[in-house]
Protein chains: 2
Amino acid sequence: MLKNRRMEEKPPSEELKARLKAARQKLWNQQMVLKEHGLPVIVLMEGWGTAGKGSCTGQVIQNIDPRFFRAATLEKMTEEEKRKPFLSRYFAQIPEAGKFVFLDSGWMDEVTGLRLHGKLNGKEYEMRLDSIRRFERQLTDNGYLVMKFFFHISKKEQKKRIENLLENIDTAWRVNANDKWQNKHYAECMEVFDYYLEMTNSPSSPWYIVNAESRKWAELQVLETLTEGIEIALQNKALAVPLLQNVFPLVKMPRLDEISLDRSVEEGEYKEEMERLQKRLRDLHNRLYRKRVPVVIAYEGWDAAGKGGNIKRITEALDPRGFEVHPIASPEPHEKARHYLWRFWTRLPKTGHIAIFDRTWYGRVMVERLEGFCSENDWKRAYNEINEFEKELADWGAVVIKFWVQIDKDTQLERFEMRQKTPAKQWKITDEDWRNREKWDAYEEAVNEMIQKTSTTYAPWYILESVDKKYARLKALRIVTERLEEALKA
Amino acid sequence: MLKNRRMEEKPPSEELKARLKAARQKLWNQQMVLKEHGLPVIVLMEGWGTAGKGSCTGQVIQNIDPRFFRAATLEKMTEEEKRKPFLSRYFAQIPEAGKFVFLDSGWMDEVTGLRLHGKLNGKEYEMRLDSIRRFERQLTDNGYLVMKFFFHISKKEQKKRIENLLENIDTAWRVNANDKWQNKHYAECMEVFDYYLEMTNSPSSPWYIVNAESRKWAELQVLETLTEGIEIALQNKALAVPLLQNVFPLVKMPRLDEISLDRSVEEGEYKEEMERLQKRLRDLHNRLYRKRVPVVIAYEGWDAAGKGGNIKRITEALDPRGFEVHPIASPEPHEKARHYLWRFWTRLPKTGHIAIFDRTWYGRVMVERLEGFCSENDWKRAYNEINEFEKELADWGAVVIKFWVQIDKDTQLERFEMRQKTPAKQWKITDEDWRNREKWDAYEEAVNEMIQKTSTTYAPWYILESVDKKYARLKALRIVTERLEEALKA
């Protein structure tokens with residue numbers, strides 16, 4: 001896309017001025033329409049060092065009220081960020097509905113930089129490109145407008161700019177080692193950038209190459225492209241998105257009504273096994289901490305199925321410095337205003353840590369589906385989006401374990417009634433629990449579909465038969481310890 | 001407090017067991033009462049390395065539902081955290097109303113560590129202690145229960161534990177360089193810890209020294225002290241807090257009705273001055289970025305006074321990589337559930353950056369006061385709390401600039417009507433603006449009190465006469481550039 005490209009030439013100065021004025025006004029007028037329609041906009045500024053991405057962002061944002069945008073510069077990754085999965089620092093930055101985010105370089109800069117410096121081999125690099133394509137597609141599928149600009153300047157121009165900046169002590173700090181490196185290896189960079197742009201140029205989030213030899217002209221190209229992009233996105237808002245076929249390897253799972261629930265365990269055996277398994281888990285936790293393996297454990301299940309007690313038997317065996325339990329309630333306004341996976345991306349553990357989710361991202365295909373909190377297109381698309389999300393975790397090296405805690409309808413009724421009778425447990429039962437119970441059959445259908453469609457080899461579901469809670473606890477501990485041992489062997 | 005202290009001795013094992021059981025049950029029962037009463041609890045675990053803070057936390061949290069607590073281990077500061085003001089990483093951790101946070105070492109560990117390693121001189125250390133006392137008092141004054149535990153073991157015991165841990169490869173990683181250093185310099189550490197404990201032992205957040213020679217006994221001491229603390233805090237919930245006298249140097253300020261609003265500027269002079277000042281500011285921004293000076297600019301003022309346009313003239317001159325504008329709306333639920341300064345502490349700039357707040361923490365003494373969103377005791381206390389907050393910023397080295405954008409009532413009416421007539425501006429005017437206007441006199445009184453009580457020498461208010469918006473913009477730019485120049489000279 002870059003090589004042999006004839007760049008659009010700068011118009012005469014009178015025309016430039018008039019068009020700039022018009023484009024600025026257009027952007028100013030669009031911000032409120034955007035707000036009303038709840039359209040979130042991500043503007044990614046990539047390109048050559050010293051091409052003027054930062055100062056162009058500075059110009060563009062002057063046409064937007066500060067309440068409606070945020071501009072972020074992604075600097076060198078912190079040690080903490082390095083211990084998080086790829087893309088999570090970018091996912092964390094996505095804007096709320098109706099707002100803009102401007103990113104001064106992002107995931108392109110990260111992966112092309114690693115590739116150029118020999119830190120990603122061919123296969124790893126292709127995996128990253130896959131991840132990026134999925135990431136951008138998930139954003140646009142979920143109603144985000146993603147505008148990607150590449151600021152292009154020639155080798156000669158870059159050299160001149162670096163020299164000019166270095167001359168003055170007040171500007172010299174703006175030139176970093178990478179700018180100089182790029183200029184020295186311009187052809188090599190061109191090759192890598194070009195390939196990247198080709199491979200990530202999708203119809204729903206295409207690249208725009210900006211001729212950045214002149215500052216004002218670059219600004220105009222960005223403004224005109226951006227405002228046009230917004231116009232189109234506003235027109236397309238109501239469109240449904242094609243459902244993608246599953247491409248991930250699935251595990252065959254039983255339907256809930258095929259699961260026999262009469263399993264149980266003797267008190268004596270329970271105590272002994274529990275002690276043995278917890279000791280083993282304690283040990284494994286130490287080892288995976290040192291080996292820096294991240295672990296994600298997801299709990300879903302019927303109300304009163306015994307999720308809480310089950311989680312407790314896991315955490316009892318863990319060092320509190322190395323795990324976190326995330327109880328997931330209905331989303332807060334700033335969470336609801338973003339991609340539904342945002343609040344999970346931002347709660348992922350760092351390497352060596354365990355994150356346990358008490359309810360999860362599967363709310364999308366259960367409560368959100370059944371209560372109509374999202375559209376049919378939304379939840380139908382979610383199976384694949386979730387498989388992609390968990391693929392990202394698995395590729396990062398995480399052990400992903402998903403539990404469905406299963407009981408039958410009668411057992412639930414017994415437990416609800418018991419809770420209502422016991423003062424110390426009354427807070428655990430609400431009207432909502434009773435309402436959900438009425439929808440048991442619809443939920444069962446949704447759960448069956450969910451388990452069939454999202455039980456991948458890299459992140460399978462495990463059913464915990466929990467009519468006898470003790471049996472379920474031992475089973476969970478056994479699965480966790482086995483999966484961790486496997487990961488430590490690898 | 002540590003030296004020559006006779007530690008409470010471990011009870012016989014039968015008694016210990018019975019008391020443990022009772023204390024665990026008590027904590028389990030308390031969590032819902034806590035939730036109902038919205039009491040937030042901070043449990044700080046400090047003490048000698050290898051004294052068992054982490055594993056005790058691990059035990060205690062098993063008696064609380066994961067929805068109601070978070071346990072955080074504060075590890076080595078990241079580079080980013082080092083560029084934030086003292087205490088901000090701890091302020092970020094405070095829990096929501098009705099929930100617990102357990103911190104495995106915190107601000108005591110940080111400052112005593114620096115002191116022991118010669119990185120804080122006597123004066124700096126005393127300043128830190130002042131900051132800590134104010135921080136803890138602000139928390140308890142605002143309804144937080146702060147429980148501080150110091151885990152005490154003898155030199156001999158520590159030595160034994162270090163050796164035991166080092167023997168086994170699975171536990172050796174738990175011993176860090178600091179543990180060994182402490183054991184070698186035990187007496188010196190004792191001296192510093194003791195002084196710290198004395199100096200921060202306040203009636204509202206006293207220290208509890210835990211005899212940590214035995215694990216179970218330590219757990220019991222924490223559980224019994226914690227549950228007793230909660231009991232008392234629940235009884236005291238409705239108490240008002242004494243108002244502290246102002247101890248910070250104040251600047252004499254005029255009342256709003258003494259301010260002459262007939263200042264204006266000619267179009268020609270405006271353009272010329274604007275260009276000159278923005279150029280100067282651009283320059284200064286570069287220099288303060290390199291010198292790592294943080295800047296906080298706060299905007300308050302009447303609706304339609306011209307805050308937005310004023311801010312814009314500042315940001316036009318800034319590199320977008322070095323500033324952020326924070327538009328402050330009414331707090332979200334998770335913000336409302338915390339200390340009212342929390343959402344500002346977590347939005348502070350890092351060194352070298354500029355944060356501009358469009359509306360601020362002064363909402364506490366204006367809208368929250370007038371709309372009854374907080375109690376009279378709350379807002380009366382807030383003047384001092386805010387002075388303390390800004391003192392923290394100033395001590396950190398920040399330039400703190402506060403603007404009150406002033407217009408008269410007639411000018412506001414004109415602008416409101418203009419907004420209503422202009423389609424592109426209608427979104428800027430809401431019913432709430434009209435309702436606020438009706439309370440002009442009450443607001444004026446509150447603003448007068450606020451300006452008198454919070455105009456400190458280190459963070460003074462500046463009045464921007466904004467009937468002529470151009471005059472106000474030039475004045476703001478002049479003040480900002482002057483303050484920055486001053487800071488760069490220092």
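Annotations
- Helical mean residue ellipticity (222 nm; -39500 (n - 2.57) per DSSP H run of 4+; nearest 500) of chain B: -16000 deg cm²/dmol
- Teacher prompt: A:Tyr186 distances to equivalent labels in other copies, 7 Å Cα→Cβ, nm: 6.8
- Cα gyration tensor shape of the range B:1-134, rounded if a/c is under 1.5, else prolate or oblate by comparing a/b with b/c: oblate
- For B:Glu269, inter-copy label distances in nm, listed shortest first [label point 7 Å out on the Cα-Cβ vector]: 9.4
- Mean per-residue shielding of peptide B:304-316 is 2, counting Cβ atoms of other chains within 10 Å of each Cβ.
- Near-label residues of the range A:352-369 by backbone N, under 19 Å of a point 7 Å along Cα→Cβ of A:Glu438: A:367-369
- Which listed pairs, of A:Lys35/B:Lys470; B:Lys350/B:Lys453; A:Lys336/A:Lys380, have C-alpha distances above 22 Å, in listed order: A:Lys35/B:Lys470; B:Lys350/B:Lys453
- Label-point separation, A:Ala490 to B:Glu124 (7 Å along Cα→Cβ), nm: 4.6 nm
- Residues A:Asp262, A:Asp395, B:Asp303, ranked from the fewest to the most other C-beta atoms within 10 Å, line up as A:Asp262, A:Asp395, B:Asp303.
- Relative to one another, the C-alpha centroids of the range B:450-490 and the range B:22-53 are positioned 46 Å apart.
- Averaged over B:66-76, number of beta-carbon atoms from partner chains that fall within 10 Å: 4
- Neighbour counts of C-beta atoms inside 10 Å place B:Tyr443, A:Tyr458 in the sequence A:Tyr458, B:Tyr443, starting with the fewest.
- Rounded Å value of the spacing that divides the Cα centres of the range B:291-305 and the range B:132-190: 41 Å
- Relative to the current alpha-carbon distance between B:Glu482 and B:Lys160, full extension at 0.36 nm per residue lengthens the span by 109.9 nm.
- With the simple model of a label 7 Å out from the Cα in the direction of the Cβ, B:Trp28 to B:Leu239 spans 3.1 nm.
- The range B:1-16 and the range A:244-275: distance between their alpha carbon centers, rounded to Å: 47 Å
- Sites listed here are trypsin sites (Lys or Arg not before Pro) in the range B:135-189 whose DSSP assignment is loop and whose Cβ has at most 10 other Cβ atoms within 10 Å, and the list is empty.
- Farthest towards the positive end of the charge dipole of the protein assembly as shown, among the residues B:Phe135, B:Val293, A:Gly363, is the Cα of B:Val293, using unit charges on the Cβ of Lys, Arg, Asp and Glu.
- Copy-to-copy label distances for B:Glu482, where each label lies 7 Å from Cα along Cα-to-Cβ, are 7.5 nm in order of increasing length.
- In this structure, the pairs whose alpha-carbon distance is over 32 Å, taken from B:Lys76/B:Lys99; A:Lys76/A:Lys237; B:Lys10/B:Lys82; A:Lys21/B:Lys469; B:Lys291/B:Lys402, are A:Lys76/A:Lys237; B:Lys10/B:Lys82.
- When chain B is turned onto chain A, its residue with the beta carbon nearest the axis, and that distance in whole angstrom, is B:Thr78, 2.
- The dipole here belongs to chain A: it is taken about the Cα centre, uses +1 on the Cβ of Lys and Arg and -1 on the Cβ of Asp and Glu, and is about 1340 debye.
Each reported figure results from applying straightforward, stated rules to the coordinates on display, with no laboratory input. Quantities reported herein were computed from a predicted structural model and do not represent experimental measurements. Every residue, glycine as well, gets a Cβ built from its backbone with ideal geometry; the counts of neighbours run over all protein chains shown.
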